[in-house]
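> Sharing a structure below in C-alpha coordinates format, with a few things to ask.
The values are calculated or read from the model by the stated rules, or taken from the named source; none is laboratory data. Just so it is clear, the structure is predicted and the values come from calculations on it, not from any experiment. Cβ placement follows ideal geometry from the backbone for every residue including glycine, while neighbour counts extend to all protein chains displayed. Remember, those area values only see protein heavy atoms, side chains included, never the ligands or the DNA or RNA. Shrake-Rupley method; radii C 1.70, N 1.55, O 1.52, S 1.80 Å.
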Amino acid sequence: MDVEPDRSSARDDQDNLRCLLLNVVRTSGLPEPAADLTSLPHPAAVEAVHRAKREGGPAHTAEMVRRLLRDPAAEPLAPVDPEGNPHLVRSLSRVLAQLPARTTADGAPVTASLGTWSAADWTILADGLRLLDTVWPQMLGELRTVVAQVALLDGMAVDGYTDFTVHGAVLINRRRLSPTRAGLPGPVRLAEALVHEGTHTRCNVSAVREPLLMPAADERAGPLATPLRADPRPLSGLFQQTVVLARCVLLYKRLAARGTPAVRARHDRLLADLGTAAHTLNAHRAELTGHGRQLLDRSTAVASLGSAAPTP
(Lines give C-alpha, C1' and ligand atoms only; values in the text may rest on other atoms or scores of the structure.)
Protein backbone atom coordinates (compact mmCIF):
# COMPACT_ATOMS: atom_id res chain seq x y z
CA MET A 1 0.00 0.00 0.00
CA ASP A 2 1.05 3.58 -0.67
CA VAL A 3 -0.45 7.03 -0.19
CA GLU A 4 -0.93 7.11 -3.95
CA PRO A 5 -3.64 4.57 -4.84
CA ASP A 6 -2.55 1.32 -6.44
CA ARG A 7 -5.17 -1.03 -7.81
CA SER A 8 -2.68 -3.86 -8.36
CA SER A 9 -1.45 -4.05 -4.76
CA ALA A 10 -5.01 -3.58 -3.52
CA ARG A 11 -6.03 -6.60 -5.57
CA ASP A 12 -3.15 -8.59 -4.02
CA ASP A 13 -4.34 -7.64 -0.53
CA GLN A 14 -7.89 -8.64 -1.41
CA ASP A 15 -6.68 -11.97 -2.81
CA ASN A 16 -4.84 -12.61 0.46
CA LEU A 17 -8.04 -11.98 2.39
CA ARG A 18 -9.95 -14.24 0.03
CA CYS A 19 -7.48 -17.04 0.78
CA LEU A 20 -8.15 -16.61 4.49
CA LEU A 21 -11.88 -16.82 3.85
CA LEU A 22 -11.44 -19.96 1.79
CA ASN A 23 -9.37 -21.52 4.55
CA VAL A 24 -12.36 -21.25 6.90
CA VAL A 25 -14.42 -23.17 4.36
CA ARG A 26 -11.66 -25.69 3.79
CA THR A 27 -11.10 -26.45 7.46
CA SER A 28 -14.83 -26.91 7.97
CA GLY A 29 -14.77 -29.93 5.65
CA LEU A 30 -17.11 -28.37 3.10
CA PRO A 31 -16.35 -28.54 -0.63
CA GLU A 32 -14.14 -25.68 -1.74
CA PRO A 33 -15.81 -23.09 -3.98
CA ALA A 34 -14.84 -22.63 -7.60
CA ALA A 35 -11.33 -21.33 -8.27
CA ASP A 36 -12.43 -18.30 -10.30
CA LEU A 37 -13.86 -16.37 -7.36
CA THR A 38 -13.87 -12.62 -7.43
CA SER A 39 -11.30 -10.80 -5.28
CA LEU A 40 -14.12 -8.65 -3.85
CA PRO A 41 -15.78 -10.87 -1.21
CA HIS A 42 -19.28 -10.10 0.03
CA PRO A 43 -19.08 -8.16 3.35
CA ALA A 44 -21.51 -10.65 4.91
CA ALA A 45 -19.06 -13.46 4.10
CA VAL A 46 -16.33 -11.63 6.02
CA GLU A 47 -18.71 -11.24 8.97
CA ALA A 48 -19.50 -14.96 8.79
CA VAL A 49 -15.78 -15.78 9.01
CA HIS A 50 -15.44 -13.67 12.14
CA ARG A 51 -18.47 -15.41 13.60
CA ALA A 52 -17.11 -18.83 12.68
CA LYS A 53 -13.80 -18.07 14.40
CA ARG A 54 -15.57 -16.70 17.47
CA GLU A 55 -18.05 -19.59 17.72
CA GLY A 56 -15.70 -22.37 16.69
CA GLY A 57 -16.76 -22.66 13.07
CA PRO A 58 -20.26 -24.19 13.16
CA ALA A 59 -21.31 -25.82 9.93
CA HIS A 60 -24.11 -23.36 9.15
CA THR A 61 -21.69 -20.43 9.37
CA ALA A 62 -19.15 -22.08 7.11
CA GLU A 63 -21.91 -22.92 4.65
CA MET A 64 -22.93 -19.26 4.64
CA VAL A 65 -19.34 -18.28 3.87
CA ARG A 66 -19.20 -20.77 1.03
CA ARG A 67 -22.48 -19.55 -0.45
CA LEU A 68 -21.51 -15.91 -0.28
CA LEU A 69 -18.12 -16.59 -1.79
CA ARG A 70 -19.95 -18.12 -4.72
CA ASP A 71 -22.34 -15.16 -4.79
CA PRO A 72 -20.12 -12.10 -4.26
CA ALA A 73 -21.27 -8.51 -4.21
CA ALA A 74 -22.80 -7.87 -7.63
CA GLU A 75 -20.96 -4.61 -8.35
CA PRO A 76 -18.27 -2.65 -6.52
CA LEU A 77 -19.37 0.57 -4.80
CA ALA A 78 -22.98 -0.62 -4.90
CA PRO A 79 -25.48 1.48 -2.90
CA VAL A 80 -27.31 -0.84 -0.51
CA ASP A 81 -30.35 -0.48 1.77
CA PRO A 82 -30.89 -2.08 5.20
CA GLU A 83 -33.33 -4.67 3.84
CA GLY A 84 -31.47 -7.82 2.93
CA ASN A 85 -28.27 -6.68 4.62
CA PRO A 86 -28.54 -7.65 8.31
CA HIS A 87 -24.74 -7.69 8.59
CA LEU A 88 -24.85 -3.88 8.30
CA VAL A 89 -27.56 -3.62 10.96
CA ARG A 90 -25.40 -5.68 13.33
CA SER A 91 -22.35 -3.59 12.50
CA LEU A 92 -24.09 -0.32 13.35
CA SER A 93 -25.39 -1.82 16.60
CA ARG A 94 -21.81 -2.64 17.60
CA VAL A 95 -20.64 0.88 16.79
CA LEU A 96 -23.46 2.56 18.71
CA ALA A 97 -22.81 0.36 21.73
CA GLN A 98 -19.26 1.75 21.90
CA LEU A 99 -20.30 5.41 21.84
CA PRO A 100 -21.01 7.43 24.99
CA ALA A 101 -24.65 8.35 25.47
CA ARG A 102 -25.54 11.84 24.26
CA THR A 103 -28.76 13.84 24.12
CA THR A 104 -29.95 16.82 22.11
CA ALA A 105 -30.93 20.13 23.66
CA ASP A 106 -34.48 18.85 24.10
CA GLY A 107 -33.31 15.63 25.77
CA ALA A 108 -33.74 13.26 22.83
CA PRO A 109 -31.03 10.62 22.43
CA VAL A 110 -28.42 11.22 19.73
CA THR A 111 -28.39 8.07 17.65
CA ALA A 112 -28.04 6.75 14.08
CA SER A 113 -29.83 4.31 11.83
CA LEU A 114 -29.30 2.80 8.41
CA GLY A 115 -30.97 4.82 5.67
CA THR A 116 -32.57 3.98 2.34
CA TRP A 117 -31.19 5.38 -0.90
CA SER A 118 -33.53 7.71 -2.82
CA ALA A 119 -33.35 8.48 -6.53
CA ALA A 120 -31.76 11.84 -5.68
CA ASP A 121 -29.15 10.08 -3.52
CA TRP A 122 -28.30 7.76 -6.43
CA THR A 123 -27.74 10.81 -8.62
CA ILE A 124 -25.33 12.37 -6.10
CA LEU A 125 -23.43 9.08 -5.85
CA ALA A 126 -23.17 8.84 -9.64
CA ASP A 127 -21.94 12.44 -9.80
CA GLY A 128 -19.36 11.79 -7.09
CA LEU A 129 -18.04 8.72 -8.88
CA ARG A 130 -17.84 10.61 -12.18
CA LEU A 131 -15.92 13.35 -10.39
CA LEU A 132 -13.39 10.83 -9.08
CA ASP A 133 -13.12 9.24 -12.50
CA THR A 134 -12.31 12.65 -13.97
CA VAL A 135 -9.82 14.02 -11.46
CA TRP A 136 -8.35 10.85 -9.90
CA PRO A 137 -9.17 7.68 -11.84
CA GLN A 138 -6.46 5.74 -10.00
CA MET A 139 -8.30 6.31 -6.73
CA LEU A 140 -11.60 5.24 -8.22
CA GLY A 141 -9.90 2.08 -9.51
CA GLU A 142 -8.62 1.23 -6.04
CA LEU A 143 -12.01 1.93 -4.48
CA ARG A 144 -13.64 -0.44 -6.96
CA THR A 145 -11.17 -3.10 -5.82
CA VAL A 146 -11.81 -2.85 -2.07
CA VAL A 147 -15.31 -1.38 -1.56
CA ALA A 148 -18.30 -3.61 -2.34
CA GLN A 149 -21.15 -1.79 -0.60
CA VAL A 150 -21.97 1.83 0.24
CA ALA A 151 -24.61 2.26 2.93
CA LEU A 152 -26.25 5.46 4.18
CA LEU A 153 -26.59 6.54 7.79
CA ASP A 154 -29.28 8.82 9.18
CA GLY A 155 -29.05 10.63 12.50
CA MET A 156 -26.32 12.64 14.21
CA ALA A 157 -24.39 10.01 16.18
CA VAL A 158 -22.08 8.76 13.42
CA ASP A 159 -20.64 10.69 10.47
CA GLY A 160 -19.26 7.59 8.76
CA TYR A 161 -17.17 4.52 9.46
CA THR A 162 -15.76 1.22 8.30
CA ASP A 163 -15.79 -2.03 10.24
CA PHE A 164 -13.35 -4.83 9.38
CA THR A 165 -15.93 -7.36 10.58
CA VAL A 166 -17.92 -6.41 7.47
CA HIS A 167 -14.90 -5.58 5.32
CA GLY A 168 -15.90 -4.19 1.94
CA ALA A 169 -18.78 -2.09 3.28
CA VAL A 170 -18.49 1.64 3.97
CA LEU A 171 -21.17 3.57 5.85
CA ILE A 172 -21.58 7.29 5.18
CA ASN A 173 -23.96 9.78 6.76
CA ARG A 174 -26.59 11.17 4.39
CA ARG A 175 -25.46 14.69 5.33
CA ARG A 176 -22.34 14.09 3.23
CA LEU A 177 -24.52 14.10 0.11
CA SER A 178 -25.71 17.68 0.69
CA PRO A 179 -23.85 20.95 0.00
CA THR A 180 -22.41 22.88 2.91
CA ARG A 181 -23.45 26.41 3.78
CA ALA A 182 -20.01 27.51 2.59
CA GLY A 183 -20.81 26.16 -0.87
CA LEU A 184 -18.98 22.82 -0.98
CA PRO A 185 -21.08 20.71 -3.40
CA GLY A 186 -22.67 17.40 -2.39
CA PRO A 187 -20.83 15.29 -5.00
CA VAL A 188 -17.50 16.70 -3.81
CA ARG A 189 -18.34 15.93 -0.18
CA LEU A 190 -19.39 12.40 -1.12
CA ALA A 191 -16.22 11.88 -3.18
CA GLU A 192 -14.20 12.90 -0.12
CA ALA A 193 -16.20 10.54 2.09
CA LEU A 194 -15.56 7.65 -0.31
CA VAL A 195 -11.83 8.40 -0.35
CA HIS A 196 -11.87 8.70 3.44
CA GLU A 197 -13.73 5.49 4.22
CA GLY A 198 -12.18 3.61 1.31
CA THR A 199 -8.72 4.43 2.67
CA HIS A 200 -9.67 2.97 6.04
CA THR A 201 -10.82 -0.14 4.17
CA ARG A 202 -7.54 -0.26 2.25
CA CYS A 203 -5.46 0.14 5.43
CA ASN A 204 -7.40 -2.66 7.13
CA VAL A 205 -6.89 -5.22 4.40
CA SER A 206 -3.28 -4.16 3.79
CA ALA A 207 -2.41 -4.69 7.46
CA VAL A 208 -3.63 -8.29 7.26
CA ARG A 209 -0.86 -9.08 4.79
CA GLU A 210 1.79 -6.64 6.07
CA PRO A 211 1.31 -5.07 9.52
CA LEU A 212 1.68 -1.31 9.78
CA LEU A 213 2.28 -1.11 13.55
CA MET A 214 4.53 -3.12 15.83
CA PRO A 215 2.80 -5.67 18.11
CA ALA A 216 1.07 -4.04 21.12
CA ALA A 217 1.85 -0.55 19.79
CA ASP A 218 -1.60 0.74 20.81
CA GLU A 219 -1.05 -0.35 24.40
CA ARG A 220 2.39 1.25 24.65
CA ALA A 221 1.39 4.55 23.04
CA GLY A 222 -1.90 4.86 24.94
CA PRO A 223 -4.81 7.08 23.85
CA LEU A 224 -3.75 10.07 21.74
CA ALA A 225 -5.31 13.35 20.65
CA THR A 226 -6.11 13.34 16.94
CA PRO A 227 -7.38 16.05 14.59
CA LEU A 228 -10.49 14.22 13.37
CA ARG A 229 -11.94 12.95 16.64
CA ALA A 230 -12.75 14.74 19.88
CA ASP A 231 -12.15 11.58 21.92
CA PRO A 232 -8.59 10.21 22.34
CA ARG A 233 -7.77 7.46 19.84
CA PRO A 234 -5.29 4.56 19.82
CA LEU A 235 -2.11 4.85 17.76
CA SER A 236 -3.65 2.70 15.04
CA GLY A 237 -6.49 5.22 14.75
CA LEU A 238 -4.05 8.12 14.47
CA PHE A 239 -2.08 6.22 11.85
CA GLN A 240 -5.12 5.63 9.67
CA GLN A 241 -6.25 9.24 10.12
CA THR A 242 -2.86 10.40 8.82
CA VAL A 243 -3.07 8.32 5.65
CA VAL A 244 -6.74 9.29 5.17
CA LEU A 245 -5.89 12.98 5.48
CA ALA A 246 -2.97 12.68 3.06
CA ARG A 247 -5.21 11.13 0.44
CA CYS A 248 -7.98 13.67 1.00
CA VAL A 249 -5.46 16.50 0.60
CA LEU A 250 -4.34 14.96 -2.69
CA LEU A 251 -7.98 14.80 -3.79
CA TYR A 252 -8.53 18.49 -3.09
CA LYS A 253 -5.25 19.48 -4.73
CA ARG A 254 -6.71 17.95 -7.89
CA LEU A 255 -9.98 19.79 -7.37
CA ALA A 256 -8.64 23.18 -6.25
CA ALA A 257 -7.25 24.28 -9.62
CA ARG A 258 -10.76 24.06 -11.09
CA GLY A 259 -12.75 24.56 -7.93
CA THR A 260 -14.43 27.25 -5.85
CA PRO A 261 -13.25 29.12 -2.75
CA ALA A 262 -15.09 26.49 -0.68
CA VAL A 263 -13.04 23.72 -2.31
CA ARG A 264 -9.78 25.58 -1.65
CA ALA A 265 -10.82 26.27 1.94
CA ARG A 266 -11.51 22.57 2.47
CA HIS A 267 -8.09 21.73 1.06
CA ASP A 268 -6.44 24.13 3.52
CA ARG A 269 -8.37 22.73 6.49
CA LEU A 270 -7.43 19.15 5.62
CA LEU A 271 -3.83 20.18 5.05
CA ALA A 272 -3.64 21.73 8.54
CA ASP A 273 -5.14 18.58 10.07
CA LEU A 274 -2.64 16.44 8.16
CA GLY A 275 0.26 18.46 9.53
CA THR A 276 -1.03 17.96 13.08
CA ALA A 277 -1.55 14.23 12.60
CA ALA A 278 1.84 13.64 10.95
CA HIS A 279 3.65 15.60 13.67
CA THR A 280 2.01 13.55 16.44
CA LEU A 281 2.56 10.26 14.62
CA ASN A 282 6.25 11.01 14.01
CA ALA A 283 6.72 11.18 17.79
CA HIS A 284 5.73 7.49 17.87
CA ARG A 285 7.70 6.47 14.80
CA ALA A 286 9.44 3.62 16.65
CA GLU A 287 6.07 1.88 17.05
CA LEU A 288 5.61 1.57 13.28
CA THR A 289 6.84 -1.23 11.05
CA GLY A 290 8.96 -0.48 8.00
CA HIS A 291 5.82 -0.39 5.87
CA GLY A 292 4.14 1.90 8.38
CA ARG A 293 7.13 4.29 8.46
CA GLN A 294 7.11 4.42 4.67
CA LEU A 295 3.45 5.44 4.67
CA LEU A 296 4.15 8.04 7.37
CA ASP A 297 7.01 9.50 5.31
CA ARG A 298 4.83 9.70 2.20
CA SER A 299 2.05 11.37 4.22
CA THR A 300 4.51 13.85 5.73
CA ALA A 301 5.74 14.67 2.23
CA VAL A 302 2.17 15.49 1.17
CA ALA A 303 1.89 17.84 4.16
CA SER A 304 5.16 19.57 3.24
CA LEU A 305 3.92 20.27 -0.29
CA GLY A 306 0.92 22.21 0.98
CA SER A 307 2.33 25.59 0.02
CA ALA A 308 2.69 24.52 -3.61
CA ALA A 309 0.05 25.65 -6.09
CA PRO A 310 -2.68 23.01 -6.50
CA THR A 311 -2.39 21.01 -9.71
CA PRO A 312 -5.03 19.10 -11.66
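> Within the stretch 96-143, work out how many residues are at pLDDT 95 or above and assigned to a helix (DSSP H, G or I).
Going through the stretch 96-143 one residue at a time, the tally reaches 24.
> Going through 269, 229, 264 one at a time, which residue ends up being open to solvent by 20 Å² or more (accessible area, probe 1.4 Å), among the basic types (Lys, Arg) and in a loop (DSSP other than H, G, I, E, B)?
229
> What tally of residues in the stretch 76-128 results from selecting those that are open to solvent by 70 Å² or more (accessible area, probe 1.4 Å) and either touching an Asp or Glu at 6+ places or on another chain (Cβ under 9 Å) or among the charged types (D, E, K, R) (or both)?
7
> Among the residues of the stretch 4-16, are any surrounded by fewer than 20 Cβ atoms within 10 Å (Cβ to Cβ) and either at pLDDT below 80 or not in a helix (DSSP H, G or I) (or both)?
Looking only at the stretch 4-16, we keep the residues that are surrounded by fewer than 20 Cβ atoms within 10 Å (Cβ to Cβ), and these are 4, 6-9, 11-12, 15-16.
Among the residues that remain, those that are also either at pLDDT below 80 or not in a helix (DSSP H, G or I) (or both) are: 4, 6.
Scanning the stretch 4-16, I find at least one residue that is surrounded by fewer than 20 Cβ atoms within 10 Å (Cβ to Cβ) and either at pLDDT below 80 or not in a helix (DSSP H, G or I) (or both), so the answer is yes.
> State whether one or more residues within the stretch 130-145 are open to solvent by less than 20 Å² (accessible area, probe 1.4 Å) and closer than 22 Å to residue 95 by Cα.
no
> Out of curiosity, is residue 181 among the basic types (Lys, Arg), at pLDDT 95 or above and over 22 Å from residue 46 (Cβ atoms)? Working first, answer last.
Working: among the basic types (Lys, Arg): yes; at pLDDT 95 or above: no; over 22 Å from residue 46 (Cβ atoms): yes.
No.
> For the stretch 205-217, name all the residues that are charged (D, E, K, R) and either part of a helix (DSSP H, G or I) or open to solvent by less than 80 Å² (accessible area, probe 1.4 Å) (or both). Reasoning before the result, please.
Just the residues of the stretch 205-217 that are charged (D, E, K, R), to begin with: 209-210.
Selection gives 209 alone.
> Open to solvent by less than 20 Å² (accessible area, probe 1.4 Å), among the charged types (D, E, K, R) and not in a loop (DSSP other than H, G, I, E, B): does that describe residue 220?
no
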